[in-house]
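The structure appears right after this line, and notes come after that.
Bear in mind that the values in this text are calculations on the coordinates, not laboratory data. Quick caveat, the model's predicted, so the values are computed rather than measured. Methodologically, a virtual Cβ is constructed for each residue, glycine included, from the backbone with ideal geometry; neighbour enumeration extends over all protein chains shown.
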Amino acid sequence: MNTLDSGQRLVRGAADVQAGRFPRLLPERFGAGPAGLEDHVARYGRLPRGWDGYWREELIAEVGRAGLTGRGGAGFPTARKLAAVAAGRDVPVVIANGTEGEPASAKDKVLLACAPHLVLDGAVLAAGMVGARQAIVVAHDAVREVVHGAAAERRRARLDQVKVKVMTGADRFVGGEASALVNWVAHGVPLPTASPPRIFESGLHGRPTLVQNVETLAHLALIARWGARWFRSLGTPAEPGSMLVTVVGAVRQPGVREVEIGTPVGDVLGLAGGPAAPLGALLIGGYFGTWADPAVAGPLPLSAEGLLAIGGSPGAGLVAALPADVCGLAETARVARYLADESAGQCGPCVFGLGSIAGALADLATGRSYEPARLRRWMAQAEGRGACHHPDGAVRMVRSALAVFGEEIDRHAQGWCCGRRPAGVLPVPLRGTP
Amino acid sequence: MITGHRLRVDPIACDGRGLCAEVLPEMITLDDWGFPVLRDAEVPPGLLDEAAEAVRLCPRLALRLDHPPGTPGAPRRRTG
């Protein structure tokens, strides 16, 4: 049971039957509440144990063969990160990232609310794989109690060989950025830090630190049980597996769904009940994502490869449907203002750049003025000039809006707007004064 | 010619005082908000002294000069 052979299922028994089922991560029926330890083990079987060096290396290699990538938005190969942290000089630490500061996204909250033990399995497993003695799970406030409850249940059952600590995340957009998360855990300050040093070399208290999104860890927990070949039985050869998506906006049944990577974007909308109104645009990936024409994006596979055609990526799995009677420029201006306000406020080009860009977009959306050359210069000056990628993500989203809403820009220049309803499809949390 | 000496700005430490752009205008310009933009990270051999001076003058210690491995620190080291 401690050795791993690609394609050979590790655990035989009742859980074996479950291995072929879909969805993999989400419950087959919603509404049952969080799965307790007993239900969890009945569905998935126990986590394979054994912490010797050979097992670690084999399992990291198996994750590499599975082709698992990070589900927090950046899509970095998980096995490479595991290997880098495992090779560190000091005893590493694992942080499970369930902060989900992306306002429109709910997939991590839903995963933690439904299957907390699957995430905890993954966190404990990752700790074992890199040689850490502690796994810290940082969960969004909305699911704090469920995660605390699940961790307590495991402690009572003396299930885990590593210490599991549960914390609540800072409810800020930038709070999920890996270095900001390390800073939050260490000092209670959700601000990104300068790089180098990279956190996999020197993160929490100077230790090599593995920060992984909670969905990634849930997939990891299943790869450890059923192997790479099982994992690759869904998805595309380049991007195997399933992924969680949050579908919001003008669809009949908005919510979180699990889809095979490569599912056409239009089918993803279909899984959410289909459009509830004629659609004007889609925002794919998240607030750092890409605006797209629904007719163009609909047939494209929801995968990094498939969305390359529109310069996009699945990001953190958001698909937002904007109805045709809401102005995309007004919606973009709202999101740009939100992202500018959510800057950690540390880097000049991010603070002033995103602020200037958001102001220019507000002027464009209200028809006050539009100076495209100046806006392009500001975007070029903000991009790539922060300690983290916050300005880059915001600029990417705005660039795609200017490309997709080109006709609307012309209309605005003539004093017209397609909006028949006020913008407000995408959630933009109001912040009290800090 | 590639010297391997590279300039970088720590964007968190940088406050946009702008001294670096005055000392090293060949390599550093300021953006619309007064923050330094490096034309190229690689420092050409003829500008190594100026680059070291810009690093030394930054009141926020935000400008760094990384030297290629195996070479001594700044070309003209100031001590004391």
message = Placing unit charges on C-beta atoms (Lys and Arg positive, Asp and Glu negative, everything else neutral), compute the dipole magnitude of the range A:14-231 about its Cα centre in debye, rounded to 20.
response = 320 debye
message = Give the aspartates and glutamates whose C-alpha is closer than 20 Å to that of residue A:107, dropping any in the same chain fewer than 8 places away, or say none.
response = A:28, A:121, A:141, A:145, A:171, A:177, A:215, A:239, A:258, A:260, A:267
note = Inter-chain shielding metric for A:262-275, i.e. average beta-carbon neighbours from other chains within 10 angstrom, reads 0
ask   = For the range A:242-323, what mean projected area does the convex hull of the alpha carbons give, in nm²?
value = 4.1 nm²
ask   = Restricting attention to the range A:321-416, which chymotrypsin sites (Phe, Trp or Tyr not before Pro) occupy a DSSP loop and are surrounded by at most 13 other Cβ atoms within 10 Å?
value = A:416
note = Residue-ordered couplings for the range B:15-20, obtained by feeding phi - 60° into the Karplus form 6.51 cos²θ - 1.76 cosθ + 1.60 and rounding to whole Hz (Gly and Pro as x), are 10, x, 6, x, 4, 4
inquiry  = Rounded to the nearest 20 debye, what is the charge dipole size of chain A about its Cα centre when +1 sits on each Lys and Arg Cβ and -1 on each Asp and Glu Cβ?
reply    = 740 debye
key: Among A:399, A:229, A:89, residue whose mean-square fluctuation peaks in a GNM of chain A (springs only between Cα atoms under 10 Å)   = A:89
message = For residue A:324, what residues show an amide H to amide H distance below 5 Å, using hydrogens built from the backbone and excluding near sequence neighbours?
response = A:279, A:280
note = GNM on chain A, Cα springs under 10 Å; top mean-square fluctuation among A:157, A:19, A:42 goes to A:157
remark   = Those cysteines in chain A that have no second cysteine Cβ within a distance under 4.7 Å are A:114, A:327, A:388, A:417, A:418
request  = Using +1 at the Cβ of each Lys and Arg and -1 at the Cβ of each Asp and Glu in the protein assembly as shown, identify which of A:167, A:79, A:397 lies farthest towards the dipole's positive end.
outcome  = A:167
inquiry  = Explain nothing, just compute: Karplus ³J(HN,Hα) = 6.51 cos²θ - 1.76 cosθ + 1.60, θ = phi - 60°, for every residue of the range A:281-290 in order, whole Hz, x for Gly and Pro.
reply    = 6, 10, 10, 10, x, x, 6, 9, x, 10
query = Under a 5 Å amide H to amide H cut-off, with H placed in plane at 1.01 Å, what residues pair with residue A:318 once short-range neighbours are removed?
reply = A:246, A:285, A:286
request  = Go through the range A:138-151 residue by residue and turn each phi into a ³J(HN,Hα) via Karplus (6.51, -1.76, 1.60, θ = phi - 60°); whole Hz please, and just put x for glycine and proline.
outcome  = 9, 10, 4, 3, 4, 10, 3, 5, 4, 5, 4, x, 5, 5
Chain B - Rg over Rh from alpha carbon coordinates, Kirkwood radius = 0.95
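Counting pairs of Cα atoms in chain A, how many percent are more than 36 Å apart?
25 percent
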ask   = What residues have an amide H closer than 5 Å to that of residue A:249, excluding those fewer than 5 places away on the same chain, when H is modeled at 1.01 Å from N in the peptide plane?
value = A:321
inquiry  = Among A:394, A:194, A:104, which one shows the highest mean-square fluctuation when chain A is modelled as a Gaussian network with alpha-carbon springs under 10 Å?
reply    = A:194
query = Hey, got the dipole for the range A:328-413? About the Cα centre, +1 on K and R Cβ, -1 on D and E Cβ, debye to the nearest 20?
reply = 180 debye
task = List the extent of the Cα atoms of the range A:285-330 along each of their three principal axes, largest first, rounded to whole Å.
result = 31, 21, 14
ask   = Rounded if a/c is under 1.5, else prolate if a/b beats b/c, else oblate: with a ≥ b ≥ c from the C-alpha gyration tensor eigenvalues square-rooted, which is the range A:14-231?
value = oblate
task = Provide a whole-number value for the mean count of partner chain Cβ atoms within 10 Å of the Cβ atoms in peptide A:346-352.
result = 6
